[in-house]
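Undergrad: First the structure, which I've put down as structure tokens, then a few questions once you've had a look.
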Amino acid sequence: MKAMPFAAVLVAMSVAATIPTSWAESLPAASNSERYVPQLANIMTAAQLQHLKLWSAGTARNWPLAAYELQQIKESLVEAALLYRGIPVSNITTLASTISVISEAIDRKDPDRFVKEFGELTKGCNSCHQSMDRAFIVLRTPAEQPFSNQAFQPKGKP
């Protein structure tokens, strides 16, 4: 793996600074020769799943779950940025500011702003795909809920 440009490292570190230290502590200890590096496609597939679950939680007004899924997206993006140097720095910084605004909507429990900013996040994901010559990967606002095994309604609501 080649070294990341200095600016990319700074951006990734600034985004990573917002991740709780408990996340890093939960990683298994491994030597550099043993360290597993997930494929970028696997990281992005996880982010796509988190995108869908964020939408499901936000539209159900389950704000703690929405906050959790947004944090998962942020961690996936940090992981991708740290492991894959070909991701443009501007893609990461653009998504970081969008994630911050969605976080505010979640904190304020504002469903209208959440929907608007979720659309911006989706546009940001698609812009990144286009800049990476992956325009054939297009995210959209989920149209249905495929997770019959998870309740997205806040606890205590039918």
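The values are calculated or read from the model by the stated rules, or taken from the named source; none is laboratory data. These numbers were taken from a predicted model, which means no experiment stands behind them. Every residue, glycine among them, receives a Cβ derived from its backbone with ideal geometry; neighbour counts consider all protein chains shown. For the accessible areas, the whole protein counts, side chains as well, though only heavy atoms, and no ligand, DNA or RNA atoms are used. Shrake-Rupley method; radii C 1.70, N 1.55, O 1.52, S 1.80 Å.
Undergrad: Just to be sure before I move on: is SER76 surrounded by fewer than 20 Cβ atoms within 10 Å (Cβ to Cβ) and at pLDDT below 95 in the structure I sent? Walk me through how you get there before you give the answer.
TA: On the way: surrounded by fewer than 20 Cβ atoms within 10 Å (Cβ to Cβ): no; at pLDDT below 95: yes.
Answer is no for this residue.
Undergrad: While we're here: Just one of GLN50, GLN71 is modelled with pLDDT of 95 or more, more than 24 Å from GLU144 (Cβ to Cβ) and either charged (D, E, K, R) or surrounded by 12 or more Cβ atoms within 10 Å (Cβ to Cβ) (or both); which is it?
TA: Step by step, each of GLN50, GLN71 is checked, and only GLN71 is modelled with pLDDT of 95 or more, more than 24 Å from GLU144 (Cβ to Cβ) and either charged (D, E, K, R) or surrounded by 12 or more Cβ atoms within 10 Å (Cβ to Cβ) (or both).
Undergrad: With the structure loaded, tell me whether ALA81 is open to solvent by less than 40 Å² (accessible area, probe 1.4 Å) and either in contact with a Cys (Cβ under 7 Å, 6 or more places away or on another chain) or within 23 Å of GLN39 (Cβ to Cβ) (or both) or whether it fails that test.
TA: Values: open to solvent by less than 40 Å² (accessible area, probe 1.4 Å): yes; either in contact with a Cys (Cβ under 7 Å, 6 or more places away or on another chain) or within 23 Å of GLN39 (Cβ to Cβ) (or both): yes.
Considered against the rule, which asks whether it is open to solvent by less than 40 Å² (accessible area, probe 1.4 Å) and either in contact with a Cys (Cβ under 7 Å, 6 or more places away or on another chain) or within 23 Å of GLN39 (Cβ to Cβ) (or both), ALA81 comes out as yes.
Undergrad: Moving on to the next point. Being without any contact (Cβ under 8 Å) to a residue 24 or more places away in the chain, open to solvent by less than 30 Å² (accessible area, probe 1.4 Å) and within 21 Å of GLU75 (Cβ to Cβ) is the filter here; which residues of the stretch 106-128 pass it?
TA: Listed by number, the residues that qualify are GLU117, ASN126.
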